[in-house]
Each structure stands twice: as structure tokens, then as C-alpha cells.
Amino acid sequence: MDRFKQELAMRESHLRSLLPQSMTVDKFQGVVVAAVADNMDLLECDRGSLLKACLSAAELGLSLNKSMGEADILKVWDGRLKKNVAQFRPRYKGLMKLAMQSGEVLKIESRLVHANDLFEVVEGLDSSIIHKHGLSNRGEMIGAYCVWKLKNGETQFEVMNKEQILSIRERSSAKTKDGNIVGPWKTDEAEMWRKTV
């Protein structure tokens with residue numbers, strides 16, 4: 001970790017030219033060190049990829065603090081480069097934050113559908129979703145949906161079933177050298193369903 005901090009300090013002038021005006025070099029370095037301290041496996045990644053991943057978070061204004069749930073940096077195997085690299089990944093809360101910051105979206109929500117829920121999709125000119133459920137005995141997750149309201153008053157939605165979501169999970173590049181899925185798909189699967197939709 002000490003060597004990594006030194007490497008980070010040596011890149012200070014380069015970082016200053018890359019960071020958005022809203023972020024100082026000191027603050028950025030603190031964010032990077034905290035992210036690495038929270039996941040020491042990141043020290044096994046190519047350093048350039050780690051800094052690039054952190055810069056992506058800074059440019060988008062997404063926090064790497066786990067309690068905020070906006071973004072992660074994951075250690076993944078790059079088969080082309082034959083080494084571990086760090087990859088920036090926004091979480092669903094981060095994506096919703098970006099949608100709201102665009103000024104085009106007034107409200108956005110993502111929800112899970114379980115086997116015992118009442119769930120209906122009405123398509124056509126007056127499309128809508130009906131979703132009712134209790135607080136317990138909801139059964140396994142079978143799908144997810146996202147609804148949003150635009151500034152012009154229009155509402156839209158997207159619905160995905162379990163098979164569609166798991167198909168996207170299988171295409172994830174967040175894998176180890178052995179091909180095992182890592183990161184939020186393992187630790188926070190329900191959140192990843194919400195992010196996917």
C-alpha cells in the first residue's frame with residue numbers, strides 16, 4: 001500500500017490535468033486509497049488500469065464509497081493482456097444518479113419481481129405496469145423492471161425476465177482467470193438485477 005501511495009503521488013501533475021474541476025488531486029488520491037484499502041486485491045491489478053478506473057468515477061462524479069452504492073472498481077482477468085486489470089463499474093444507484101443529473105429524468109426507480117407477486121404488464125397506447133406484493137413469502141426473483149418519468153411528463157418503463165438478466169450476467173467481463181464471476185454479481189445479485197434492467 002505504501003508503494004502504491006508513492007506511485008500515486010508521483011503522478012500528481014498528470015492527474016491534475018485529467019481530473020474534473022470539481023475534484024482536487026488530494027481528494028482524488030484519498031478516494032483511490034480508500035477504494036484500494038477496502039479491496040486490497042486491486043493492488044494486483046495493472047496500475048494504469050486502476051488509475052483509469054478511478055478517473056472514470058471522478059469524471060462521472062460517482063462515489064466509490066461502498067455505503068453510497070454508486071460505483072465499484074473490480075479486479076478482473078483480461079485474457080487479451082494476460083493480467084489482472086481494474087475496471088470501473090457503476091452500480092444501479094450510480095446509473096440513476098447520472099440519469100437524474102442529465103436534467104431529462106425527473107424520477108427513476110428499479111424494482112424486483114418475485115414469483116408470488118401479482119405482476120402484469122399492459123402494452124399498447126396506454127402501457128402500464130401493475131405490481132402488488134406482500135412483505136414476506138414473495139418467492140424467488142423472476143424478473144425486474146425500471147420505470148422513469150421524463151421532464152416532459154412522459155413515463156416509460158423496461159421489463160426483463162430472469163432468463164434475460166442471467167444471460168447478461170453470463171456475458172459479464174467481471175471474471176477471474178478461471179472464468180468465475182466476481183464482484184457484485186456474487187455479493188449483491190439483487191442489486192445487479194436492478195442495475196441490469
> Can you pull the accessible area of M96 for me, 1.4 Å probe, Å² to the nearest 10?
Replying inline: 40
> How large is the charge dipole for segment 17-64, taken about the Cα centre, if only the Cβ atoms of Lys, Arg (+1) and Asp, Glu (-1) carry charge, to the nearest 20 debye?
Replying inline: 160
>> Can you give me the Kirkwood hydrodynamic radius for segment 24-95, using every pair of distinct Cα atoms, in Å to one decimal?
In response: 12.2
>> As a test of reading the structure, rank E120, E191, E59 by solvent-accessible area (1.4 Å probe, protein chains only), most first.
In response: E59, E120, E191
> Hey, what D do you get for segment 56-166 in µm²/s if you plug the Kirkwood alpha-carbon radius into Stokes-Einstein at 20 °C and 1.002 mPa s?
Replying inline: 129
> How big is the gap, in Å, between the Cα center of segment 159-197 and the Cα center of segment 14-41?
Replying inline: 27
> What accessible surface, in Å², does a 1.4 Å probe find on I73, ignoring ligands, DNA and RNA and rounding to the nearest 10?
Replying inline: 10
> Using just the C-alpha positions of segment 4-58 as equal point scatterers, what log10 of I(q)/I(0) does the Debye formula give at each q in 0.15 1/Å?
Replying inline: -0.36
>> Report, in listed order, any pair from K52/K162; K5/K66; K27/K149 with a Cα-Cα distance greater than 29 Å.
In response: K52/K162; K27/K149
> Can you pull the accessible area of S67 for me, 1.4 Å probe, Å² to the nearest 10?
Replying inline: 100
> In segment 97-197, what trypsin sites (Lys or Arg not before Pro) fall in a loop by DSSP, with at most 16 other Cβ atoms inside 10 Å?
Replying inline: R138, K151, R171, K177
> Per residue, how much accessible area does segment 3-146 show when a 1.4 Å probe rolls over the protein heavy atoms, in square angstrom?
Replying inline: 58
> Which entry is the computed Rg and Dmax of the Cα atoms in Å for this structure: (i) 19.5, 60; (ii) 23.0, 91; (iii) 23.0, 73?
Replying inline: (i)
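Sorted by accessible area with a 1.4 angstrom probe, largest first, how do M23, M100 fall?
M100, M23
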> When the accessible area of the chain is computed with all protein chains present and a 1.4 Å probe, what percentage of it is carbon and sulfur?
Replying inline: 50
>> If the only charges are +1 at each Lys and Arg Cβ and -1 at each Asp and Glu Cβ, what is the size of the charge dipole of segment 1-121 around the Cα centre, to the nearest 20 debye?
In response: 280
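The values are calculated or read from the model by the stated rules, or taken from the named source; none is laboratory data. Here the structure is a predicted model, which means the values were calculated and not measured. Every residue, glycine as well, gets a Cβ built from its backbone with ideal geometry; the counts of neighbours run over all protein chains shown. The area values use the complete protein model at the heavy-atom level, side chains included, leaving out ligands, DNA and RNA. Shrake-Rupley method; radii C 1.70, N 1.55, O 1.52, S 1.80 Å.
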